[in-house]
1. So for the range 153-222, what percent of the C-alpha to C-alpha distances run longer than 21 Å?
2. Give the aspartates and glutamates whose C-alpha is closer than 20 Å to that of LYS81, dropping any in the same chain fewer than 8 places away, or say none.
3. Expressed as a fraction of 2.2 N^0.38 Å, the rule-of-thumb size for a compact globular protein of N residues, what is the C-alpha radius of gyration of the range 44-219?
Amino acid sequence: MVKRTLATQIPPLNNNNNSSSSSSSSANNNTTHSAPLPNHRELTDEEKEFIAPMIRVDQSGEVGAYYIYKGQIAVLGHDPKLRPLLEMMWDQERGHLELFSGLISEHRVRPSLLRPLWEVAGFAVGAGTALLGKEAAMACTEAVETVIGDHYNDQLRELQAIRNPNEQIKYLCKTVAKCRDEELEHHDIAVDHDARQAPLHSLLSAVIKQGCKTAIWVASRV
Ligand SMILES: [Fe+2]
Ligand SMILES: [Fe+2]
């Protein structure tokens, strides 16, 4: 069994020296300041532009995740062993969605215009894979949480490249890290519950991962 190892995913939250990756360099270019700024400062216009698509795509992703678990529970909720597990993960997704919805409001970010699509698609993917069986539902969770975990790690690297982060940036980092940790717990739960025994696991996983990556690309823009 291969599990995600959280400790190797990202540097510590307060480490601002990681600028080796291309994404980090990009973040630095966008957000470097010529002089140190106090932590209680306001966000710069560049930082506002930088974090807006992050918050937009994260809220959209959490909408999708919430509806994936809702769809899974609609189909598999009769299973007395599975239901508590699915409800636990569903509750955490609800918490993630509340966190990013709060950030949407705080930073006055335009939400994705495609929220109805994320709701319908999430439910369809969750229910559809659950109809193929418990293992396929878990394979769906494994694939989705792999992509989302990587996505959150990419964001953390970019956020950590911001020099002199203010309290809002630090809070965003903590929020992303918390969600990342819980997504990877969901991944491990899915692996522990036979995700890799699903029929056509590799194909199913590849299709769902590509769908997630496409949704991330779209949701950050639309
Ligand atoms: Fe989530
Ligand atoms: Fe999750």
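Values in this text are rule-based calculations from the coordinates and carry no lab data. Only a predicted model underlies this, so the values are computations on that prediction, with no experimental measurement involved.
1. Values: 1114 of 2415 pairs.
Summing the P(r) tail past 21 Å for the range 153-222 gives 46 percent.
2. ASP91, GLU93, GLU135, GLU142, GLU185, ASP188, ASP192, ASP194
3. Numbers: Rg = 16.1 Å, N = 176, 2.2 N^0.38 = 15.7 Å.
This ratio for the range 44-219 stands at 1.03.
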